[in-house]
Amino acid sequence: MSSVFQRQDMYDTVVVDREQDVVLTTGQLYVLQVRREVDRSFKPVIPFAPHLFGSGKTRFVKSYLELVKSMGERALIGPENISDCEKDRRRSFLDKLHEAVLLYVDLTELKPTNPIEEKRNLEWAVHYLLFKSACLKSGQGEPDPDECFKVFKLRTDVLIKKIREVLNMRTDQFLLVAFDEVGVLDESYGDFDFETTQDEKVFPYNDFVGIIHGLCKEDNVFFFVVGKSEGLNIHNNAISVSRVELTFIPLSPLEKHSIIEHLEKSSSFMFTGCPKVSQILCHQHFSTNELAELLLELTGGVPGLLVKAINYLLHCKLSQDHLLLSKEGFWMIMNDSIATNYCVDPLLPRLSSLSKTRQRLLKMLTLLALYHIRFELDELVHLSSTFDVFLFDLVTDMCFYRRLIVDENHQELYEVLIPKLLIGYIEQNVRNDRLEWLLLQTLKSQPVEFFYESKCRVFEGLVATMFYLHFCYHPTDSLMFSILGQLSSVWKEMNVKFSSESTAYYMKSIHYTRSTSEVERDTFDINDWKKIVEEMLEFEKIYIPFEPTSHSPDILFKLHGRTSEQNLIVGIACKGRWSLNGIRWNEIVDEACKFLQPVHDQVVTVHPTLHCLLIIMSTKLSTSVATDLNHSSHCYSFGDRVAGVFTIPLNCELIILSESDVENFIGKDILSSLRSAFKSTDNPHSRSIGISTVQEMVLSLSKNI
């Protein structure tokens, strides 16, 4: 990396949007204090953040006391109904917390330490590192290990007393110890003598958490543990073996409003007058809101990646004072390999060395991220008949991130987040895996404001991917294409072979909107079909409108005629019907009215070589529809009446696929699992869908390459 990027901090960062994390952490510290006062055989409570680089864990623990002070009583006293006595007790705890001292301990400094007889003793190494960190914090030199051992003799009361003396603390003053980089214990097997189980296995984290358990018995001492690790595995072992309750600090990625706050509150000391970052990078024609959206799309809101991206932009501005950012300029700068290498540097070794097992799981995780499928904390992934791994831990192991979602029932669920900054590096490891490439490219093209929030979005995403794979790899032997060719003479004349690999693209939705001269619309108007067909839809590309409520089909694409000048615009209405009620005739007519009629009136009438086809692909048809169609797929052509109320316009066709043809296209087992998952909720988590179903989707899609 160029030497100009050795300076990593171009501005003073302000921590934002961590109120919920502060409330959770403060509540756990309070619980520890209460338990300690009530019962000396208590189970300690320790806030735990086992997250990947960039999650903001180090910055959070270092800023925790400052954040507590800024929140005031809200850090511990919320809207819940508690007695006045309890409120007074909590206020007293907060008062003491405001006077607390934070001791930051970097576990990368943990190593075997003299004296000889205790050289491989982990407890002694932790005790010494604690005291050494206190000495360095107070400005003293590094203490002598032999002298320390003579004084401490592994006695926690003596250790804490000496730390208080060094830090000039009262005995009743709170001491908060933050252990960072706990993941180094994964690499310490040869350094220390760990406890061994009956089957000759060692668990370094159990030993470490057991040491903290002993330290928690001392009055007015509290602990945080943060760092990349197998968090859920450690959490479960700590409960069963070490009798310690580890409570996860979510530290979810930031949303757009928080990024705006960060840009508007953070200042850069590299510019005259220490202006706000938003003042440096934004201007009259490029707002803070626009910059926040672009940063969110690039980094996924991951704090560490966000800060690095801002640092790089500030460096560019410092070296090119005349630089005026724009959307195009932002992507030109941030897509440069120097910029991306700088932003993801800590993750590069891991990203560039994906094992075959991890590559095999990559498609599953990409599907989870692409469809925003949620999972529970204890969700398991079966790697083999004898080995399972927690999905929570697998996400970290794969160098991805988690987003905490609290649903309407106050249940905590998680989503997989793959920041776009990482996609290019992942692609380098899967160059020969065309399905993974397609999924990653689709994820990369997904707009920041787009989320699969309705039950049909998973279904339509699956249909779009299947169609794309058939176009690219199996146009001649595709059963679905054969059915469409038998039903539609126009489809039969189309070139259904894509000449190059592409991806699914997301387009603005079509709604009833009012145009304005000053502000660009977020959606197309229903009278914009001529513009959509001529300017938006390109040949050999598949498009999905942003929103499921769009006044258009769920999937759109345009095909060339094979031998003539005829072209075909195709819309697919994906109707996921997961309960007993299938799609009715009035719904089919509505789909035809909102697509075939306006496209005919606005486009086909002025382009006589253009034809329009609407495909109804529903998982279940109503009894009347299925009976009228004789349980077979059917095509309505020019002049045909649909349900006696809609007449097919000139050069237009409507195809209604039978349930059996849809089932054969998607897969019976997959549809059965989706039907089971979606029957009770519009946005199921992966346990409803089933991890096995997600893996089935991967296998089904893979067969089409």
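The values are calculated or read from the model by the stated rules, or taken from the named source; none is laboratory data. As the structure is a computational prediction, the values presented were derived from the model and not from experiment. All Cβ positions, even for glycine, are placed from backbone atoms using ideal geometry, and neighbour counts span all protein chains on display. In case anyone asks, the SASA skips ligands and DNA or RNA and just uses the protein heavy atoms, side chains included. Shrake-Rupley method; radii C 1.70, N 1.55, O 1.52, S 1.80 Å.
A few remarks follow.
- Condition met for residue 396 (touching a residue at least 40 places away in the same chain (Cβ under 8 Å), part of a helix (DSSP H, G or I), in contact with an Asp or Glu (Cβ under 8 Å, 6 or more places away or on another chain) and more than 22 Å from residue 457 (Cα to Cα)): yes
- Taking the criterion of being crowded, with 22+ Cβ neighbours inside 10 Å and either on the phi > 0 side of the Ramachandran plot or outside any helix (DSSP H, G or I) (or both), the residues of region 365-380 that qualify are 371, 373, 374, 375.
- Exactly one residue among 269, 208, 222 is assigned to a loop (DSSP other than H, G, I, E, B) and over 27 Å from the mean Cα position of the chain (by Cα), and that residue is 269.
- Hey, residue 615 at pLDDT 90 or above, more than 30 Å from the chain's Cα centre (by Cα) and either β-branched (Val, Ile, Thr) or buried (at least 19 other Cβ atoms within 10 Å of the Cβ) (or both) or not: yes
- Failed condition for residue 140, given (1) outside any loop (DSSP other than H, G, I, E, B); (2) open to solvent by 50 Å² or more (accessible area, probe 1.4 Å): (1)
- Among residues of region 679-698 that are on the phi > 0 side of the Ramachandran plot, those with a beta-carbon under 9 Å from a residue that is crowded, with 20+ Cβ neighbours inside 10 Å and not in a loop (DSSP other than H, G, I, E, B) at least six positions away or on a different chain give the pairs 690/677.
- Set side by side, the residues 298, 291 differ, and just one is assigned to a helix (DSSP H, G or I), touching a residue at least 12 places away in the same chain (Cβ under 8 Å) and closer than 24 Å to residue 437 by Cα, which is 298.
- Cβ-Cβ under 7 Å pairs, at least 6 apart or on other chains, region 306-326 side over 16 Å from residue 270 (Cα atoms) and open to solvent by less than 20 Å² (accessible area, probe 1.4 Å), far side of a type outside the set (D, E, K, R) and assigned to a loop (DSSP other than H, G, I, E, B): 306/254
- Hey, residue 599 within 41 Å of the chain's Cα centre (by Cα), in contact (Cβ under 8 Å) with a residue 24 or more places away in the chain, surrounded by fewer than 22 Cβ atoms within 10 Å (Cβ to Cβ) and within 15 Å of residue 570 (Cα to Cα) or not: no
- Looking across region 118-127, the residues that are touching an Asp or Glu at 6+ places or on another chain (Cβ under 9 Å) and either in a loop (DSSP other than H, G, I, E, B) or open to solvent by less than 50 Å² (accessible area, probe 1.4 Å) (or both) come down to 120, 121, 122, 124, 125.
- Cross-chain or 6+ apart pairs with Cβ under 8 Å, region 63-89 first and in contact (Cβ under 8 Å) with a residue 24 or more places away in the chain and farther than 22 Å from residue 14 by Cβ, then aromatic (Phe, Trp, Tyr) and surrounded by 12 or more Cβ atoms within 10 Å (Cβ to Cβ): 76/30; 76/93
- Single residue of region 191-232 satisfying the filter (of a type outside the set (Asp, Glu) and open to solvent by 60 Å² or more (accessible area, probe 1.4 Å)) that is modelled with the lowest pLDDT: 198
- Verdict on residue 35 being buried (at least 17 other Cβ atoms within 10 Å of the Cβ), in contact with a helix residue (DSSP H, G or I) (Cβ under 9 Å, 6 or more places away or on another chain) and at pLDDT 90 or above: no
- Residue match in region 570-589 (condition: within 22 Å of residue 640 (Cα to Cα) and free of Cβ contacts under 8 Å to residues at least 40 places away in the same chain): yes
- All positions within region 620-676 that are among the hydroxyl-bearing types (Ser, Thr, Tyr) and either assigned to a loop (DSSP other than H, G, I, E, B) or open to solvent by less than 50 Å² (accessible area, probe 1.4 Å) (or both): 622, 632, 633, 636, 637, 658, 673
- Failed item in (1) among the polar types (S, T, N, Q); (2) touching a Ser or Thr at 6+ places or on another chain (Cβ under 9 Å); (3) free of Cβ contacts under 8 Å to residues at least 40 places away in the same chain, with residue 266 passing the rest: (3)
- The residues listed here are 496, 490; of these, the one that is β-branched (Val, Ile, Thr) and in a helix (DSSP H, G or I) is 490.
- Note on region 38-52: residues that are farther than 19 Å from residue 205 by Cβ, open to solvent by 50 Å² or more (accessible area, probe 1.4 Å) and either basic (Lys, Arg) or not in a helix (DSSP H, G or I) (or both) total 3.
- Set side by side, the residues 235, 262 differ, and just one is at pLDDT below 90 and either of a type in the set (Ser, Thr, Tyr) or under 31 Å from the mean Cα position of the chain (by Cα) (or both), which is 235.
- Considering region 170-179, the residues that are in contact with a strand residue (DSSP E or B) (Cβ under 6 Å, 6 or more places away or on another chain) and either under 12 Å from residue 64 (Cβ atoms) or of a type in the set (Lys, Arg) (or both) include one that is surrounded by the fewest Cβ atoms within 10 Å (Cβ to Cβ), namely 176.
- Any hit, region 392-412, residues being more than 13 Å from the chain's Cα centre (by Cα) and among the hydroxyl-bearing types (Ser, Thr, Tyr): no
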